[in-house]
Amino acid sequence: MKRKLALFMLFGIAIVIHANDSIRLSLLEETQEEYVFCLHNNTQDTIFLFDGYFEKCYDGYIYTSMYVHRYDKKAKTYKLSLLPLLPVIRFNGCLNGLWGRGRDKLVNVAQMAFTFTTIAPYDSLMLNITKEAFQSLLYVNDIHPEKLSCFHHVLPKMKKKKLKQVPKEIIFELGVYKEVDYLLTWCHDVDMDKVDKLATAMIVVSIPVNVNK
């Protein structure tokens, strides 16, 4: 199980923007180049953050791609959504994934598998996210990944939207799981019904970020 992100024990966090009794996301600090978030696990169970978008390409982090910048037309909200796109996530040993590390961070010959960062009970994870990711003028229609199924073999159409200016507020959202062992199974050994049940059981944690002060 990958641990690409450093784990930190944090005490006395004073600035909590969005809270939940068990799992909550806070904005800890803002620097000139980054927002520093903290994901708190206030439960007695280990939880797992889907971390597939935190890897770096030659032209920047995957999470700066316009395909994770979403516009919810109904709610009129903008998001930086790091929820897994279930129809195109692959398993260890599978090929022909959609997400890759090439130009525009979308290629046809790479793959993105389920990967997670572990957060122990009553522990916290600090996430440093570049401000560049919150300055995008390119968005696609929100497809609500938490409502999709692994059985969708293609993604719904994500129409590109170009803005004249950066939105005043962007919702930053992450996907958290309580059980992931089976999602790390080798490709040819999976029971898709079980996979779908576990993959769609993600917990969405989010926080609004004022980016255009």
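Only the coordinates and a few stated rules stand behind these numbers; no lab work does. These figures come from a predicted structure and were not determined experimentally. Don't worry about glycine lacking a Cβ; one is built from the backbone with ideal geometry, like all the others, and counts go over all protein chains shown.
Before moving on, here are some points about what is shown:
- Gain on full extension, evaluated as 0.36 nm per residue between ASP45 and ALA120 minus their Cα-Cα distance, stands at 26.3 nm.
- Local electrostatic count, ILE207, Cβ distance below 12 Å [Lys/Arg +1, Asp/Glu -1]: 0
- For PHE172, distant residues with modelled amide H under 5 Å away: LEU80, ILE207, VAL209
- Contour minus Cα-Cα distance for LYS161 and GLU179 (0.36 nm per residue): 3.0 nm
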